[in-house]
Amino acid sequence: MATSLRRDLTSIEAAMPGGRFDSELRADLHPPGWRNPRPRDPYHLLIVGAGPAGLVAARKAAALGARVALVERDLMGGDCLNYGCIPSKSLLRTARFYADLRNAESFGAVSPDPILVDFPMAMQRVRRIRARIGRVDAAVRLAAAGVDVFFGTARFTSGDAVDVDGTRLRFRRAMIATGSRSMTPTIPGLAEAGYLTNETVFDLVELPASLLVIGGGPLGCELAQAFARFGARTVIAHNEPLFLPKEERDAAQILAESMARDGVEIHLNTEAVRVYVDGGRKHIETVNDGNVATVVVDQILTGIGRVPAIENLGLEAAGVDFAPLAGVHVDDFLRTTNPRIYAAGDVCLEHQFTDIAGASARIVVSNALFFGRKRLSALTIPWCTYTDPEIAHVGIYVRQARGLGIPVKTFTVPMHTVDRAIADGEEDGFVKIHVREGTDTILGATVVARHAGEMINDISLAMVSGIGLRKIARVVHAYPTQAEGIRQAAEACARTHRSLLAGWLMNQWVNRDRWR
Amino acid sequence: MTDTAADDALLDSLQHDAFDYFLQGINPANGLIADTTRPDAPSSIAVVGFALGAYPVAVERGWLARSDAAARTLLCLRFFMDSDQSGAVDATGHRGLYYHFLDMQTGRRMWRSEVSLIDTALLIAGVLTAAAYFDAATPDETELRRLADALYLRVDWRWAQRDGGALSQGWRPESGFLHYGWEGYSEALLLYVLGLGSSTHPLTEAGFPAWTETYQWENLYGIDFLYAGPLFIHQYSHAWIDFRGIRDAFMREKRCDYFENSRRATLVQREYAIRNPRSFAGYGTDCWGLSAGDGPSAEPCLVAGRHQAFYGYSARGVPYGPDDGTLDGSALLSSLVFAPDLVLPALRGMAASAARDGRDLIHACGFNPTVTEAGPGGWLSAGRFGLDQGMIVLMIENYRTGLPWRLGRGNPVIRRGLRSAGFRGGWL
C-alpha cells in the first residue's frame with residue numbers, strides 16, 4: 001500500500017526514459033507512423049522548427065486564415081518543453097521542497113530525520129508533467145487547427161522553397177525558428193569522459209553522488225542548486241568573478257550566498273582545462289589565478305550557454321546571412337537578408353528565453369503576413385532565472401542607462417522590509433526599480449525574491465502600459481503579499497516627488513514678495 | 001568634565017592607542033609595518049601607507065619627534081625605491097606598483113599575493129601625505145620629498161587599465177591580470193584620482209567615466225545615496241581627500257558630494273542595524289557598522305530560527321550582507337567625521353563597556369555578540385589589524401583638526417587628479 005502510494009500507481013519503468021510518460025509525450029509530439037500531409041504549397045507561411053516560436057506563429061497565422069506549414073525534425077515543443085523550462089522547473093520544485101524540509105525549523109516545524117531523497121520519484125514527476133503539458137502541443141491538435149505539420153529535416157533549396165526529406169515545399173514567406181542547442185566546452189578529454197547537457201540531464205535515473213557543473217549562467221546555477229538540494233555533492237566552476245554576469249552584482253552576490261547555504265562548492269574565476277577518467281570517476285583539472293586543482297566527481301554537467309541551431313539548413317541557398325555564434329542575422333523587424341524569410345526565437349536573438357521566442361514569433365506573423373511594421377526593440381520582455389531566490393529582470397540595467405547618458409535613480413526595497421516575506425521566511429532579496437532621474441518613468445527593474453518571476457510581471461505591465469512608478473503607489477495591493485515590495489518602491493518614489501514639490505512650493509512662498 | 005572635553009579626551013585616547021600600533025609593528029631595518037599583531041604577520045603595503053599618513057599626526061600631537069617621524073618615513077621610502085621591481089614571483093613590485101603582502105624582513109612578495117592597485121594607491125597616498133608634511137629644508141626631509149616624488153612618478157597606472165577603461169584590481173606573474181575589475185562605487189575613488197594625477201603614466205580620460213558608469217544611485221530606507229554595501233568603501237578615500245563641496249559630473253547630476261554621500265551611507269548603516277532583519281544580538285541605534293573585517297568561523301547554527309553561517313574574514317555590507325552578526329568598531333568610528341552626532345554616542349557606549357569588561361571593541365577587527373561560545377560578551381577578533389588603526393588615527397584627526405585633508409588639498413597631484421576626473425567647485 002505504502003509503496004503504491006509512493007509510486008503513484010506508476011511503475012518505475014513507466015517513469016524511466018523511454019517509459020510510458022515518454023511514450024505518451026512522443027505520441028503527442030512526434031507520433032509514430034505520422035504521415036506528412038499532401039503539400040498545399042505555396043504556403044503563406046512556412047515555419048522551420050516547432051518550438052515555442054514555431055508553435056506560436058503557426059497557431060496565430062492559421063487562426064488568421066493563412067496557409068501554414070510547420071516542419072519539425074524531432075519533438076514539437078522544442079527545447080523548452082522537452083529539455084528546458086518545463087522539466088527543469090518541475091525538478092527545481094522538488095528540490096526546493098527538500099530544501100524547505102531541511103530548513104523546517106525556520107518555518108517553526110520539525111525537520112524529518114532522516115530526510116529520504118527518492119530521485120527516481122522526482123524524475124517520474126518531471127516526465128509526468130512534461131507529458132501532460134505536451135498534450136497541448138500535440139501534432140494532431142495543430143493539424144486540426146489547420147496547420148500542415150511535416151516531420152522531417154528541412155533544408156532551404158532556394159529563396160522560396162524548402163526540401164523536407166525529398167518533398168519540396170514552396171513558400172511566400174518563411175520563418176526560421178530552429179532554436180538553439182547546448183554549447184559544448186572545448187575541454188580536452190571532456191568528450192571522452194562523457195558529460196551531461198540540459199538535453200541529457202533529464203535522462204538521469206539515479207542521483208549522481210557527485211557532480212561538477214561547468215558554467216555559472218542561469219542553467220548552471222539552477223541545476224547546481226537543485227542537485228545540491230537533492231543531496232549530491234555539487235561543485236560549480238565559473239570562469240567569471242560572479243555568477244550570472246549579465247545580472248546586477250547584488251543579485252549575483254545573494255545567489256552565491258544562497259547556493260553556498262545549500263552546500264554548493266563554489267569555484268569562481270575558475271576554468272576547467274582538462275578532463276580524464278581514473279578509477280571510473282571523472283577528474284577535472286581546474287585553474288584559478290594560476291592555481292591548479294583537481295575536482296573528482298561522478299558526473300559533469302555543462303551549462304556554458306547555447307548556440308543557435310543553424311547547421312544544415314541550406315541558409316546559403318536561401319540567401320540568408322548568419323554567423324556561428326550570433327545565429328541568423330535579422331533586422332529590427334526580424335527580417336533576414338532574404339526579405340521573404342524571417343526568423344524568431346533563439347536562432348536569431350541575443351536573449352534566449354521562451355517568452356521572447358513567443359513574442360518575436362508574433363511580430364513575425366504580423367510583419368510577414370500583414371504588412372506590419374512591428375519592431376523587436378519595442379518589446380518589453382522580462383526574464384527570470386529560477387534559482388532560489390529567483391532573479392527576474394525587465395527593461396534596461398543601470399549600467400546600460402548610464403552608458404546611454406540617461407540619468408537614472410533606483411528605488412530599492414529589501415525583501416526584509418516586506419511583511420509577507422518576513423511571514424513566509426523568504427526575506428532574501430530585493431526589489432529595485434530604475435526610473436529616469438526626476439521623473440517616475442520606469443526604465444527597468446530587477447527583483448530578487450523567492451517568487452521574483454511572478455512579481456516582475458507587475459512592473460512589465462506598468463512599463464508596457466506607460467504607467468509611471470508613482471501611479472503604482474496608488475494601486476491598492478492585496479496585503480500581505482510579497483508584491484507589496486513593488487508598492488513600497490512606488491511609495492518611496494511618490495514621497496520623493498512630494499518632497500520635491502513641497503520644496504518648490506516652500507521656495508515660492510519664501511520668495512513671494514519678489515513677485516509682488 | 002563637559003561632554004565636549006570628555007569626548008575630546010576619549011578621542012585622544014583612542015587615537016593615541018591606535019597610533020601605538022605603528023610604533024610596535026615596524027621593522028626598524030626597512031620601515032615596513034606588519035599587517036596585524038598576529039604572529040608571523042607579513043607587511044601590508046596599505047598599512048605602510050597608513051603609517052606614513054599617521055606620522056605627521058603623531059608629530060603634531062607630540063607623540064613622536066619630527067626627526068624620528070621623518071627618519072621612519074625616509075627608511076621606508078628608501079626601501080621601496082631600492083626594491084626589486086622586476087615583477088618576478090618573489091620581487092617586491094612591478095612597474096612602480098607593489099605586491100599586496102611583503103615579507104617583513106626581506107620585503108619580498110608573500111603568499112602569492114597580487115600586485116595590488118588599491119593597496120599601492122593607499123601606500124602612495126601615505127607617501128604623498130608625508131611629502132606634503134615634511135617640507136623643511138633639512139637633508140632628511142629634502143631626500144624624503146625627492147624619493148616620494150620618484151616613487152609616485154614611477155607608478156604605471158595606465159598599464160593596469162583594461163582596454164583603456166576601468167582599472168584591473170591586480171596582477172600576478174603566474175596568471176596575469178585578475179579577472180576582477182574596479183566596477184561599482186568603491187574605495188577606488190582614491191586610486192582613480194592618483195592615477196589621473198600622474199604626469200608620467202596617467203590613466204586615459206576614459207578611465208574615470210568607465211568606472212562611474214557602474215555607479216548605482218539608490219533610494220534605500222528613504223535615503224538617496226551612491227550605493228555600496230560595506231562601510232569602509234565610504235571611508236577610505238576620505239581619509240586622504242577632503243571631498244566636502246567638490247563634485248564630479250555624477251555628483252553634480254545628483255546634487256550631492258562624496259562627503260555628504262558618506263554621511264548618508266552612515267545613516268543607512270545605522271538604520272539597517274535598528275531594523276536588524278536577522279535579529280542579531282547587540283545591533284541597534286548605538287551599535288552598528290558592517291564592513292570588511294575579521295569575523296568568527298564558528299559552525300553554522302540557528303539564530304532567531306534561521307540557519308546562520310559564519311564567514312570569518314569577509315567584506316560585510318548592508319542591506320544584502322553578508323551579515324553574520326559581526327560588527328566593526330573601527331568602521332563605526334571612521335564615520336565620525338561624517339556623522340559625529342551618530343558616532344559619538346556609540347563610541348561613548350563602547351568605551352564605557354570596555355571600561356567595565358576590558359573588551360576593546362573599537363580597536364579590534366570585528367566583534368560578534370551573537371556568537372557566545374567564547375564567553376557571554378560574544379566573539380572578539382584577536383589582536384589588531386593595521387588598516388583599522390590607520391583609519392582611526394586619520395579619521396579622528398580629520399575630525400579634530402583636518403590635518404590629513406589640509407595636506408591633501410595642498411597636494412598638486414591630488415588637485416590635478418581631481419580636476420582630470422571632472423571635479424569642480426569648493427576648495428578646488
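None of the figures in this text is laboratory data; all of them are computed from the coordinates on show. Everything numeric here is computed off the predicted structure, so don't read it as measured data. In this analysis, Cβ positions are derived from the backbone assuming ideal geometry, glycine residues included, and neighbour counts consider all displayed protein chains.
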For chain B, convex hull volume per residue from C-alpha positions, Å³: 140
CD proxy at 222 nm, helix term only [per DSSP H run n ≥ 4: -39500 (n - 2.57); per residue of chain B; nearest 500]: -13500 deg cm²/dmol
Residue order, fewest to most beta carbons within 10 Å, for B:W111, B:W405, B:W379: B:W111, B:W405, B:W379
Over chain A: helical MRE at 222 nm, DSSP H runs n ≥ 4 each giving -39500 (n - 2.57), nearest 500: -10500 deg cm²/dmol
Globularity ratio of the protein assembly as shown, using Cα Rg and 2.2 N^0.38 Å: 1.05
Förster-model FRET efficiency, 30 Å R0, A:T441 and B:Y180, C-beta, rounded to 0.05: 0.35
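From largest to smallest, what semi-axes in whole angstrom does region B:90-164 give when each is the square root of 5 times an eigenvalue of its alpha carbon gyration tensor?
Working: eigenvalues 122, 54, 18 Å².
Its equivalent ellipsoid spans semi-axes of 25, 16, 9 Å.
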J(HN,Hα) series, region A:225-233, from Karplus relation 6.51 cos²θ - 1.76 cosθ + 1.60, nearest Hz, glycine and proline x: 5, 5, 5, 5, 5, 6, x, 6, 5
Radius of gyration and Dmax over the Cα atoms of region B:123-193, both given in Å: 15.5, 46
Whole-angstrom Cα spans of chain A along principal axes, big to small: 89, 63, 55
Compactness of region A:113-219, expressed as Rg and Dmax over alpha-carbon positions, Å: 20.3, 65
Histogram of C-alpha separations across region B:57-190, 10 Å bin width, %: 12, 39, 32, 15, 2
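Could you list the trypsin sites (Lys or Arg not before Pro) in region A:345-409 that lie in coil according to DSSP, counting only those with at most 13 other Cβ atoms within 10 Å of their Cβ?
Here the sparse-neighbourhood loop sites are A:R373, A:R375.
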Cut-off 11 Å between beta-carbons: net charge of the residues surrounding A:T385, Lys and Arg +1, Asp and Glu -1: -3
A:H451 long-range amide H proximity, modeled H, under 5 Å: A:E390
Per-residue mean of C-beta atoms belonging to partner chains within 10 Å, peptide B:173-183: 3
³J(HN,Hα) computed for each position of region A:98-105 - Karplus, 6.51 cos²θ - 1.76 cosθ + 1.60, integer Hz, glycine/proline x: 4, 4, 5, 4, 5, 9, 4, 4
In region A:445-510, the trypsin sites (Lys or Arg not before Pro) that fall in loop regions by DSSP, at most 16 other Cβ within 10 Å: A:R474
Gain in span if fully extended, A:M183 to A:L379, counting 0.36 nm per residue against the direct Cα distance: 67.9 nm
Order of A:C80, B:C365 - criterion: other Cβ atoms within 10 Å of each residue's Cβ, fewest first: A:C80, B:C365
Cut-off under 5 Å, modelled amide H: who pairs with A:E437 long-range: A:V408, A:K409
Relative contact order (%) - criterion: Cα under 8 Å, at least six apart; region: region A:305-401: 18
Potential extension, B:E60-B:D140 segment - 0.36 nm per residue separation minus Cα distance: 27.0 nm
For region B:288-397, alpha-carbon Rg relative to the globular expectation (2.2 N^0.38 Å, N residues): 1.05
Alpha-carbon centroids, region A:191-214 and region B:355-391: separation in whole Å: 47
